[in-house]
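Below is one structure; the comments refer to it alone.
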Amino acid sequence: MTAVDDRPTTEVGTARLRKEDHRLVTGRTRWTDNIQLPGMLHLAMVRCPLAHARIVSIDTSAAKAADEVVAVMTGEDIKDIQGVNITAWPITEDQKSPNHLPMAIDHVACAGEIVAVVVARSAAEARDAAELVDVEYEELPAVLDLKEAATDAVLAHPDLGTNKSAFWQLDSAAAGTGGDVDEAIAKAREDGIVIEREIRQQRLVPAFMEPRSTVVDPTGEQVVMWSATQIPHILRFCIAATTGLPESKIRVIAPDVGGGFGGKLQSTPEEFVTLAVARTLGRPCKYTETRSETMVSGHHGRDQWQQLTLAAEKDGTVTALKVDLMCDLGAYAALVGGGVPVLGAWMYNSIYKFGAYQFNCTNYFTNKPWVDAYRGAGRPEATYAIERLMDDLAVEVGVDPLEIREKNWITHDEFPFASVAGMTYDSGNYEAATAKAKELFGYDELRAEQQRRRDENDPVQLGIGVSTFTEMCGLAPSRVLGALSYGAGGWESASIRMLSTGTVEVVTGTSPHGQGHETAWSQIVADRLGVPFEDVEVLHGDTQIAPRGLDSYGSRSLVVGGEALVMAADRVIEKAKQHAAYMLEASADDLEFSGGKFTVKGTDKGVTIQEVALATWTGHNLADGFEPTLDGDATYDPVDFSFPHGTHLCAMEVDTETGATRMRSYVAVDDIGTIVNPLIVEGQEHGGIVQGVAQALWEGAEFDDQGTLVTGSFVDYTLPTAADTISFVTDHTVSPSSTNTLGTKGVGEAGTIASTPAVVNAIVDALRPLGVTDILMPCTPERVWKAIQGAGPGAGVTGAAQAHFDEGTSNQDPSAGATEGAAQ
Amino acid sequence: MTRIKVSVDGVGYHDDVEPRMLLVQYLREVLGKVGTVIGCDTSNCGACTVHLDGRSVKSCNVLAVQADGHEVTTIEGLATGGELHPMQTAFHENHALQCGYCTPGMIMQAVDLLNENPNPSEEEIRVGLEGNLCRCTGYHNIVKAVAAVAAGQGSEAR
């Protein structure tokens, strides 16, 4: 047992160094691709190079004849056992959703779909032989552009008869949570301000660092699948639901998983094909993708056109917000793909007190890779839109962007606040976070410098970007998910096992892949049970070890899974208390529990929880009827969401002669409620911020007119490097959540949600005097330069801000915008 | 097949390898040195970075046969005598890793960076790590960890 003298008073709130690190910094890791099993075979996928085609014939004879090749299979060969890559979230009853087979049999709906698999002794030999598979295709017309898809002129799935998957609406008047949006907008057209915008959310690639890999061992009674996944439990359900394998015959393990960011929140064709091959051959099989395969066959994120109408009074008081989304699902409605844009429905109104609100979302199919969750999932899109609009409103009214926000935001004494979208915001303090951010940023000084550069006509202009975001996390109360037709619940599970020698095993249903749950969960349990941090072992990511769970995504793990830990710990304590009373010959009612010790009130008589655990384990002397175990199980279904928020401020220098931009400083003050581990929180914020900045400045999935992903490797899909980024200033305010006992809110997605608008607002802010009001993301030097050239120094801000898309004029910069964006 | 003799993490190996086999494949598939990982197929990500005769190389960009007669150090050979290398300690103490997938390559590159330039500025650290991608940390704490080692604070911090 570890000495506890130097332990902090509470673990929660302490910057504990991570337990996970030692293995990872020494290379003693268990990535799926590291696994080697006796007799294991290796798979290579044959993928369709065309965006839309019918398979006429597949000749596998040459591949089958190659040395070292054990088998070559087509969709026809595995059709009875391959299962289906299901969508778990039909957002409407009439949602159209084409059947997504792991391996195509006759119809291919996007480039990169698997049409055959080669099984060989080594991965290299499998790849060699994959080249020998001869597939004859009948090429079909492909629909690639989202707006063209909406016309149904070319169909991604001819059998469906339309490209439209579903339409989903949230209307405040209908829901009784606010007024009539059209009335409010009409009124503003008479005597107020109406701002109308069309914004492009480009397609992104999640780009986790570990390529996906799957190993299947079919040799035992349970088929074992190791997979680089965020969702071992959901994956097991998907397999059981569609392949004919009973759930009890499947064990899924997520060993060390190298990042996900939503990109591994999927049941993938590759997992299902590997399973089918291993079952057919009765031998262990491994498939590990190349990065180039990840880029086309892992799901993508974002990809929306957003049409927005904001109404306000003349003084800048917002009155109504109307949102119309066109969302590109790609070729299929992926696991939660249809629902991702819908997650934005409650977020466009953000922290502002709109009286009327309407959210409309239409999902379309195209012949491109499927789109699903990517860090933030629906909320970054919403936050980007509203934060850009609030800046435009500030310009219209002629006040500082922070002033227009303060005029409209919920004040700290108005919580809990019932939003116009029907959510209840639990807690927050936008004033405090903003004040702290302004001070850390040096807001007034930077504004003064900005003015100076403007006055001096400096070729390098300075822009200040503001993002006062909120988000909803803690997915999710099962009753809410049920009302939204989501295919699962939102609970989370935990078990705590008190071992005989006093150490503790914690089993969690969350499935970390970089978040540090082993450390943070240990801190929570150590506090609750009064045992040393070092004595807690956290187990996860294996359906045999952690049989119940709903995995990690949507900033849910701490908020939901952490609460399950608390419940399980309390059950352990309750049991231990009964036996401690017996040991102390006292009444349980007379016992106090503190610091891991039960004591009889008013005496120095006591026993530690470890002593109780040992006595319970021996079972030698227990009260009549006392079951000899202290173990506690709990499943927690959250009562409501929680709403982190924050104020992010970004200073960008923009070279008006070249279009080059440089981040000068970035301050993030987040309020995520109670902080369990400040070190881990800061790390999440840094990484989250950079992913959001990357959308603003560098990343975008671009296709050619044949539907080929031209940003199909890390050469062309430009992830930020250390040299592209800066060090950040992060700080916090703390408004504990009222929806869970720990008071926590999620942090995993906050940085990504907040930072994209902060950066683009800064660039636009720098260039407004030159007439620039918008730049398409990513704001590459070329686009920034073209925006400067296109707008010209004389263009009026007011005129541009009042562009009416419904009259056919987009506010996008015509020289940089529409054509490039439309091709995405 | 070509016969090669390579020293990896202090142990000598003789193997027959295909001439096309990459060094990273040799390390992982033949020697079981799976601490070194593969993140891309275009030599952009640097996850596979190892030291060849004391200098960092991306082992996906070196053929196994090119390592014939040379010494390779991987992340698994960096700690000596049961003691972590100061860079490993600094990554832990500065929370410079989350999922940990880029970490082996990032640490090997960072060690090489300081061998070249023991007192780098933040800018020089950032440029020196440009060939190694991380998707989790935003680089902030990685830069901090490298700076801490340069300042001789590797094991004192925190």
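The values are calculated or read from the model by the stated rules, or taken from the named source; none is laboratory data. What you see is a predicted model, and the numbers here were worked out from it, not measured in a lab. Ideal geometry is used to build each Cβ from the backbone, glycine not excepted, and the neighbour counts take in all protein chains shown.
Among the candidates A:LEU37, A:LEU50, A:LEU101, A:LEU144, the residue that is aliphatic (A, V, I, L, M), part of a loop (DSSP other than H, G, I, E, B) and surrounded by fewer than 19 Cβ atoms within 10 Å (Cβ to Cβ) is uniquely A:LEU37.
Checking the structure you have, find out if any residue of the stretch B:15-38 is in contact (Cβ under 8 Å) with a residue 12 or more places away in the chain, among the small types (Gly, Ala, Ser), closer than 18 Å to A:ARG30 by Cα and crowded, with 16+ Cβ neighbours inside 10 Å. Looking through the stretch B:15-38, at least one residue is in contact (Cβ under 8 Å) with a residue 12 or more places away in the chain, among the small types (Gly, Ala, Ser), closer than 18 Å to A:ARG30 by Cα and crowded, with 16+ Cβ neighbours inside 10 Å. Residues in the stretch B:41-57 that are in contact (Cβ under 8 Å) with a residue 40 or more places away in the chain and touching a Phe, Trp or Tyr at 6+ places or on another chain (Cβ under 8 Å): B:ASN44, B:CYS45, B:ALA47.
When A:GLU198, A:GLU190, A:GLU221 are screened for being at negative phi, touching a helix residue (DSSP H, G or I) at 6+ places or on another chain (Cβ under 6 Å) and either in contact (Cβ under 8 Å) with a residue 12 or more places away in the chain or away from chain B (no Cβ under 14 Å) (or both), only A:GLU198 passes.
Quick grid of which residues meet (1) more than 8 Å from chain A (Cβ to nearest Cβ); (2) touching a strand residue (DSSP E or B) at 6+ places or on another chain (Cβ under 9 Å); (3) crowded, with 24+ Cβ neighbours inside 10 Å:
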position	(1), (2), (3)
B:CYS99	no, yes, yes
B:THR103	no, no, yes
B:ASP112	yes, yes, no
B:ASN117	yes, no, no
B:SER121	yes, no, no
B:GLU124	yes, no, no
B:CYS134	no, no, yes
B:ILE142	no, no, yes
B:ALA145	yes, no, yes
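Where strands (runs of 3 or more DSSP E) sit wholly within the stretch A:525-606, those with at least 2 residues that are modelled with pLDDT of 95 or more, closer than 30 Å to A:PRO246 by Cα and among the aliphatic types (A, V, I, L, M) occupy A:536-539. Would it be correct to say that A:THR741 is in contact with a helix residue (DSSP H, G or I) (Cβ under 9 Å, 6 or more places away or on another chain), surrounded by fewer than 24 Cβ atoms within 10 Å (Cβ to Cβ) and more than 14 Å from chain B (Cβ to nearest Cβ)? Considered against the rule, which asks whether it is in contact with a helix residue (DSSP H, G or I) (Cβ under 9 Å, 6 or more places away or on another chain), surrounded by fewer than 24 Cβ atoms within 10 Å (Cβ to Cβ) and more than 14 Å from chain B (Cβ to nearest Cβ), A:THR741 comes out as yes.
Annotation: of all residues in the stretch A:10-22 being under 26 Å from the mean Cα position of the chain (by Cα) and within 8 Å of another protein chain (Cβ to nearest Cβ), the one that is surrounded by the fewest Cβ atoms within 10 Å (Cβ to Cβ) is A:ALA15.
For A:LEU275, the conditions (1) out of contact with any Phe, Trp or Tyr (no Cβ under 7 Å at 6 or more places or on another chain); (2) within 16 Å of A:GLY112 (Cα to Cα) all hold with the exception of (2). Counting just the residues of the stretch A:117-129 that are part of a helix (DSSP H, G or I) and touching a Leu at 6+ places or on another chain (Cβ under 9 Å), which one comes out surrounded by the fewest Cβ atoms within 10 Å (Cβ to Cβ)? Of everything passing the filter in the stretch A:117-129, A:ALA123 is surrounded by the fewest Cβ atoms within 10 Å (Cβ to Cβ).
Residues of the stretch A:107-130 that are within 14 Å of chain B (Cβ to nearest Cβ) and not hydroxyl-bearing (Ser, Thr, Tyr): A:ALA120, A:ARG121, A:ALA123, A:ALA124, A:GLU125, A:ALA126, A:ARG127, A:ASP128.
A quick yes/no check of all residues on (1) farther than 28 Å from A:GLU699 by Cα; (2) out of contact with any strand residue (DSSP E or B) (no Cβ under 6 Å at 6 or more places or on another chain); (3) touching a residue at least 12 places away in the same chain (Cβ under 8 Å):
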position: A:THR366; (1), (2), (3): no, no, yes
position: A:PRO380; (1), (2), (3): no, yes, yes
position: A:GLU406; (1), (2), (3): yes, yes, yes
position: A:PRO416; (1), (2), (3): yes, no, yes
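Residues that are in a helix (DSSP H, G or I) and either buried (at least 24 other Cβ atoms within 10 Å of the Cβ) or touching a helix residue (DSSP H, G or I) at 6+ places or on another chain (Cβ under 6 Å) (or both) within the stretch A:505-518 comprise just one, A:HIS517. For the stretch A:445-473, filtered to residues that are assigned to a helix (DSSP H, G or I) and touching a residue at least 60 places away in the same chain (Cβ under 8 Å), the residue that is farthest from A:ILE351 (Cα to Cα) is A:ARG454. When A:SER61 is tested against the conditions (1) within 27 Å of A:ALA373 (Cβ to Cβ); (2) away from chain B (no Cβ under 14 Å); (3) touching an Asp or Glu at 6+ places or on another chain (Cβ under 9 Å), the lone failure is (1).
How many residues are closer than 23 Å to A:SER292 by Cα, among the polar types (S, T, N, Q), more than 9 Å from every other protein chain (Cβ to nearest Cβ) and surrounded by 23 or more Cβ atoms within 10 Å (Cβ to Cβ) when one looks only at the stretch A:677-733? Looking only at that region, the number is 1. Across the stretch B:66-91, the qualifying residues are those that are more than 12 Å from the chain's Cα centre (by Cα), more than 17 Å from B:VAL24 (Cα to Cα) and touching a residue at least 40 places away in the same chain (Cβ under 8 Å), and the one among them that is nearest to the other protein chains (Cβ to nearest Cβ) is B:PHE91. Of note, A:GLU387 satisfies the criterion of being buried (at least 20 other Cβ atoms within 10 Å of the Cβ), modelled with pLDDT of 95 or more and part of a helix (DSSP H, G or I). Does A:TRP89 satisfy the condition of being crowded, with 21+ Cβ neighbours inside 10 Å, away from chain B (no Cβ under 14 Å) and aromatic (Phe, Trp, Tyr)? Yes.
The residue that is nearest to the chain's Cα centre (by Cα), counting only those in the stretch A:199-244 that are basic (Lys, Arg) and not in a helix (DSSP H, G or I), is A:ARG203.
Of all the residues in the stretch B:34-60, those that are assigned to a loop (DSSP other than H, G, I, E, B) and more than 8 Å from every other protein chain (Cβ to nearest Cβ) number 7. Taking the conditions exactly as written (free of Cβ contacts under 8 Å to residues at least 60 places away in the same chain and either surrounded by fewer than 18 Cβ atoms within 10 Å (Cβ to Cβ) or aliphatic (A, V, I, L, M) (or both)), does B:THR2 satisfy them or not? No, not satisfied.
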